[in-house]
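In what follows, a structure is listed as structure tokens, so that the remarks can point back to it.
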Amino acid sequence: RDRERQGMAKNTNMRWRLPLVCLLWELAMIVLFGVFVRFGTEADAHWEEEKRDMNLTSDIENDFYFRYPSFQDVHVMIFVGFGFLMTFLKRYGFGAVGFNFLLAAFGIQWALLMQGWFHSFKDGKILIGVENLINADFCVGSVCIAFGAILGKTSPIQLLVMTLFQVTLFSVNEYILLNLLHVKDAGGSMTIHTFGAYFGLTVTRILYRPNLEQSKDKQGSVYHSDLFAMIGTLYLWMYWPSFNSAISDHGDAQHRSAINTYCSLAACVLTTMAFSSMLQKKGKLDMVHIQNATLAGGVAVGTSAEMMLTPYGSLIVGSISGIVSTLGYVYFTPFLESRLHIQDTCGIHNLHAMPGLIGGIVGAITAAAATEDVYGKEGFIKAFDFTGVYQTRTPSIQGGFQAAGIVVSLLMAFAGGAIVGGILKLPIWGDAAAENCFEDGIYWEVPEDEESDVYHMHNPDKPASP
Amino acid sequence: RDRERQGMAKNTNMRWRLPLVCLLWELAMIVLFGVFVRFGTEADAHWEEEKRDMNLTSDIENDFYFRYPSFQDVHVMIFVGFGFLMTFLKRYGFGAVGFNFLLAAFGIQWALLMQGWFHSFKDGKILIGVENLINADFCVGSVCIAFGAILGKTSPIQLLVMTLFQVTLFSVNEYILLNLLHVKDAGGSMTIHTFGAYFGLTVTRILYRPNLEQSKDKQGSVYHSDLFAMIGTLYLWMYWPSFNSAISDHGDAQHRSAINTYCSLAACVLTTMAFSSMLQKKGKLDMVHIQNATLAGGVAVGTSAEMMLTPYGSLIVGSISGIVSTLGYVYFTPFLESRLHIQDTCGIHNLHAMPGLIGGIVGAITAAAATEDVYGKEGFIKAFDFTGVYQTRTPSIQGGFQAAGIVVSLLMAFAGGAIVGGILKLPIWGDAAAENCFEDGIYWEVPEDEESDVYHMHNPDKPASP
Amino acid sequence: RDRERQGMAKNTNMRWRLPLVCLLWELAMIVLFGVFVRFGTEADAHWEEEKRDMNLTSDIENDFYFRYPSFQDVHVMIFVGFGFLMTFLKRYGFGAVGFNFLLAAFGIQWALLMQGWFHSFKDGKILIGVENLINADFCVGSVCIAFGAILGKTSPIQLLVMTLFQVTLFSVNEYILLNLLHVKDAGGSMTIHTFGAYFGLTVTRILYRPNLEQSKDKQGSVYHSDLFAMIGTLYLWMYWPSFNSAISDHGDAQHRSAINTYCSLAACVLTTMAFSSMLQKKGKLDMVHIQNATLAGGVAVGTSAEMMLTPYGSLIVGSISGIVSTLGYVYFTPFLESRLHIQDTCGIHNLHAMPGLIGGIVGAITAAAATEDVYGKEGFIKAFDFTGVYQTRTPSIQGGFQAAGIVVSLLMAFAGGAIVGGILKLPIWGDAAAENCFEDGIYWEVPEDEESDVYHMHNPDKPASP
């Protein structure tokens, strides 16, 4: 077959490369986990003694019960949410779900180590608990975002290489923001979305494929692939309140984050629908917008959800982000592609980059506007962790640091994306030729008898029988 | 194209109407939330002080930890459960999932306000917490139910208008039942299902389309659309124990509701399968029954699940409701359509209306049969909240009030449905002509090239062009 | 039609048999529940008094709050996880999801009774709470596993008969392991997976169909059926940490189980992808492996997850099980079929049987290697419940008993499977002829004329045939 010969021309055969990378890296994980990773006190069998030492009267005080339900929701977002959201392409469903599965499964292991060294390192060991699992999922979330930009155009090895580097850079950036700048970002508008999206956009810019229109016929959706994608959309949408509240402080902060996110997302759906209809001549709704822009409201309150943003503040932020995101799909994505040569398969610029920036800015403003009156004396200190060396920070200074966090995230994303993009450009990773992009058949065994179907599908102008 | 021209003939173009409605209403929400909605004490940053005042020793006492997991399950039921359940139609999957998404996202905002004014109003503010989010989802659930009756026959604007009115009426009805009649209805057999279903049936009666058989070919399912629908069914079925227990009292009541619902649903599956097979000549199972009637058991214990219904009582109720619901699909739906001119797309009469009535009646009987022996002295008072002015209520009187609750819900549904149906009949909302019903192409951009594709896919041996 | 005539030749008409079985059995359940099943103290309205007696200060101490979120995850695994995992067959999606639904709904009722008599029987009553619901789901999980071996080749009545017997035998085996041998097996590597898989394999061996290649064309997948199956895979994968931790002791044990399982599953994905690619000439990934072998890591830590397996131990176990499982699909399944006449539709030997054995062995070793140093004095006693008559057990003796548990489970599976297989071989259950296997049309009303439908649907104006 032509298609396969051409694929071979670029040698997309993964037979030795992919197994080698997977097995070596897994081996490395085992060795590093063996040296470094141990159970935290709340997951260790010594917990009974610990409980006594900490004067806890009940097992329910174990952090597991505060965070495990949210963890599972986040887990679903990463694997089903992102995975299925990207199945909208008519012939890349296996790659969307399957590669997302692969990179996330690898990424969470490496993230446990990287984030562990930065945040949970004690006496030479990384002590892990449910919060570490959530943070690892979060970190990988930023890789899933970047994956959205290069979806359909990269080999699984490239994705694994990108994951390795991106998780590393994510952890450094997160350390700078949370520990050095003492910034609040529980839902990750800056650390996850802004960083992940601009990182991915930079990578896809560097991997620019001038002949991508050769696979244009495969870049669209079919009826059922759009429905599969809606599974992803809805799980992301429904569980986003868990995402933004998962690592907030116990009690009111988790509660408040969930409410703010719920409100923001609800508003976002309405403005997305409004603009989707308004921007099309016949007023019809576009599934691309509904699948993506409806989620912008979750991104845009990622930093501020645990603050006293208030429900109406959340509605405002959600409304704006839905509008911005939908406008992005209609006007900005084509512009990015034609002028800036940024080929953004899933439109992560609209769903994560711009809403992420909004989220960072809203967070900075909300922090700067905080008062002891609104938060209560204790609540104020607790919300921003104004203790120890940060005892003297004022809200406006905090707002400034929050803003600095956006800038740092952007710089890290551009610099990191450029380097990683350069690495991925090396001709050794087995990516497909332009005319084979967005096609599962390159890296997956596709059900045999369907081939003739698929053949017809993609060549509607050719006769079905010779 | 013919099809589009006819659509135009009724002017289904949403370009200005839908955006206008969405944006104006969202603006109204922002203003009203700004004036009225604030965080409840458990979500407010003053929680630390509150905790001290209430003598709580741990953050785990925050209602968030009692209800958030159930809330998320309910959230999934509303958006994925109802949304995907309705994707069974071969060409209305976008409308099913997408319009459900739209109306629910709007409805929860309006419900937070309406229910807030009735139940959480304090010093001029509505104070919200996780229980309010659950109740808003519940309220919208009744709209999703009504949507099932008119699925495929209405424009998105009609759905938004219906949502506005139905949420309003729901809240009034709920207030009458819960506050004035002091009725128990944690799982909403009366407030959600009976009210929602008869409201929707009245609306669809008024919107009767005599020529609907013109789109009969699109009213069925295809193989994969039935599988998509099963996603909805299973999530509704699995999470129903969370639905019925979500707002029950802490402790035994939540625990008991979940168990009763689990039992009822399990029994319902068996009787549904039995009758589905029995009522077909060749004994084959019908997906319509499996998708819908298996859920009747959850509806039918909605009122009584938190009472001492007992596991075997639940099995009985579940068994009966599965039978009634399946019989409904086979005999009642055709009768309603041909004789009463009630066109009920999803058969909500069988899944929600009749089981809802059963639920109300079972609730009344279970309440009337309650004794201090079975509940324990304290448990008895707590279960029915026989405190304050209700201190002297006896079980049989409570049973009477429960029965009155059914009647009130029915009356509100018929009256409200008639009025709202009348409003929706106005020729300004952009609904489609009869021959364009059940067709996504009217309000959605549908992937263009699929037409010929699908043809090839299923008929590989037939030539593509005649 | 030919096909139907042949089906009739074997009389697959379920019209009276299936309803009769379903209704009689449901009636039996109602009677038995009426006689035996009552609410446990934590779900009973007397809880207020109980709370006082047990000196509990808060409703949050109710077991409901420790286990309900995990229960719901397990529930999703049983109904959506197993159900959709099996939809990979191109024409058996209804049967996969629908029959799984039927057998599980029946099985959980019977399991509540069987397990109740063995474990929750007090004063002539079975007292149930959320832990019983989890255990009933677990028990049914073993039936879902066995269903995987005979998928597509049995009638719904056969499945119900098998469920009745398998649940019974499961409960006996579980009682021997947990109560007589005092074995630990929280995630059920032995009780659920080893037992369930070898039971199912024995049954399918006895039901061997020599002419099964007559329906070979239907034994494969199509593109979208593989995506539906991925829904099942991902939900099983994501929620497996809940599965393995759901009935562990409160506190550290639940926490630890979740972490170990998370780690094992992550590693398993990488080795599965590696071997899937390595074992195919062109290095392409095979969906069968990704859908199944990625889950082996959850099975293989089922016994040891709540022990101090450590995160790196979990990575090792997960890695190995992914390799073994993938090798099994490539080399072992064809061997089993051609040489041993074991027709294993879903490859449960690779996903459950071998990883289950690994899980049992790893559990035995981990138990034997336990020291007071690693667990802490109290933690050691608590982890293995070395109290009462077991006070003097040493880790190595415990390891021996764990190993004995594997042997007992195997023997029970082989003996039980042989007997039940024999019963199912009787020619009265209405199974289909070989050429009608893997075909929904035998037991389900399938959307009638899908082939031409779709054509008509999209081209209403074009003639169906040239």
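The values are calculated or read from the model by the stated rules, or taken from the named source; none is laboratory data. These numbers were taken from a predicted model, which means no experiment stands behind them. Neighbour counts run over all protein chains shown; Cβ positions are idealised from the backbone, glycine included. The protein model used for the area step is the full one, side chains on, heavy atoms only, and it has no ligands, DNA or RNA in it. Shrake-Rupley method; radii C 1.70, N 1.55, O 1.52, S 1.80 Å.
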Inset, instruction - Mind running the shape call on the protein assembly as shown? Use the C-alpha gyration tensor, a ≥ b ≥ c as the square roots of the eigenvalues: rounded below 1.5 for a/c, prolate if a/b tops b/c, oblate otherwise. - result: rounded
Legend entry - For C:A369, inter-copy label distances in nm, listed shortest first [label point 7 Å out on the Cα-Cβ vector]: 5.6, 5.6
Legend entry - Net +/- balance of residues flanking B:H46 in space, Cβ distance below 13 Å, scoring K and R +1, D and E -1: -4
Legend entry - Whole-Å distance, taken between Cα centres, linking the range B:273-293 and the range B:12-63: 44 Å
Inset, instruction - Give me a single rounded figure for B:93-105: the average over its residues of other chain Cβ atoms within 10 Å of their Cβ. - result: 5
Legend entry - Positive dipole terminus of chain A, leading residue within A:Y208, A:A186, A:F106 (C-beta point charges): A:Y208
Legend entry - Farthest toward positive dipole pole in chain C [+1 Lys/Arg, -1 Asp/Glu at C-beta], among C:A258, C:F335, C:A300: C:F335
Legend entry - Solvent accessible area, Å² - A:W429, 1.4 Å probe, full protein context: 40 Å²
Legend entry - Positive minus negative residues near A:Q398 (Lys, Arg vs Asp, Glu; Cβ under 15 Å): -1
Inset, instruction - Between beta-carbons, use under 13 Å as the cut-off and find the net charge around B:M190, counting Lys and Arg +1, Asp and Glu -1. - result: -1
Legend entry - Label point 7 Å beyond Cα along the C-beta direction, distances from B:D217 to other copies (nm, shortest first): 2.7, 2.7
Inset, instruction - Determine the order of B:R256, A:R209 by accessible area, beginning with the largest, at a probe radius of 1.4 Å. - result: A:R209, B:R256
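For the pair C and B, how large is the buried accessible area, both sides, in square angstrom to the nearest 100, if the probe is 1.4 Å? Please list the in-between numbers first.
Values: alone 21020 and 21040 Å², together 34390 Å².
In total, chains C and B hide about 7700 Å² from solvent.
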Legend entry - Per residue accessible area of the protein assembly as shown, 1.4 Å probe, in Å²: 30 Å²
Legend entry - Cα gyration tensor shape of the range A:19-440, rounded if a/c is under 1.5, else prolate or oblate by comparing a/b with b/c: oblate
Legend entry - Over the protein assembly as shown: helical MRE at 222 nm, DSSP H runs n ≥ 4 each giving -39500 (n - 2.57), nearest 500: -20000 deg cm²/dmol
Inset, instruction - Please get the size of the charge dipole for the range A:19-440, origin at its Cα centre, with Cβ charges of +1 on Lys and Arg and -1 on Asp and Glu, quoted in debye to the nearest 20. - result: 1400 debye
Inset, instruction - Calculate the dipole size of the protein assembly as shown relative to its Cα centre from +1 charges on Lys and Arg beta carbons and -1 charges on Asp and Glu beta carbons; express the result in debye to the nearest 20. - result: 2780 debye
Legend entry - Cross-link partners of A:K184 among lysines (Cα-Cα below 17 Å; sequence separation of 8 or more within a chain): A:K382
Inset, instruction - Report, as an integer, the average count of C-beta atoms from other chains found within 10 Å of each Cβ along A:402-415. - result: 0
Legend entry - Given charges at Cβ of Lys, Arg, Asp, Glu: the protein assembly as shown dipole, positive-most of B:S248, A:F71, B:L18: B:L18
Inset, instruction - Give me the percent of the accessible area of the range A:260-368 that comes from carbon and sulfur atoms, probe 1.4 Å, all protein chains in place. - result: 70 percent
Legend entry - Label spacing, shortest first and in nm, from A:D63 to its equivalents in the remaining copies (7 angstrom along Cα→Cβ): 2.8, 2.8
Inset, instruction - Heavy atoms only, probe 1.4 Å: what % of the accessible area of the range C:137-248 goes to carbon and sulfur, would you let me know? - result: 59 percent
Inset, instruction - Classify the range A:24-134 as rounded, prolate or oblate, taking a ≥ b ≥ c as the square roots of the eigenvalues of its Cα gyration tensor: rounded when a/c is under 1.5, otherwise prolate if a/b is larger than b/c and oblate if not. - result: oblate
Legend entry - Packing-based order for A:269-277, B:198-206, B:153-161, B:394-402, using average beta carbon neighbours within 10 Å, highest first: A:269-277, B:198-206, B:153-161, B:394-402
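Per residue of C:43-55, what is the mean number of Cβ atoms on other protein chains within 10 angstrom of that residue's Cβ? List each step's numbers first, then the result.
Numbers: counts 12, 8, 17, 9, 11, 11, 4, 4, 3, 1, 0, 0, 0.
Going residue by residue through C:43-55 and averaging, the value is 6.
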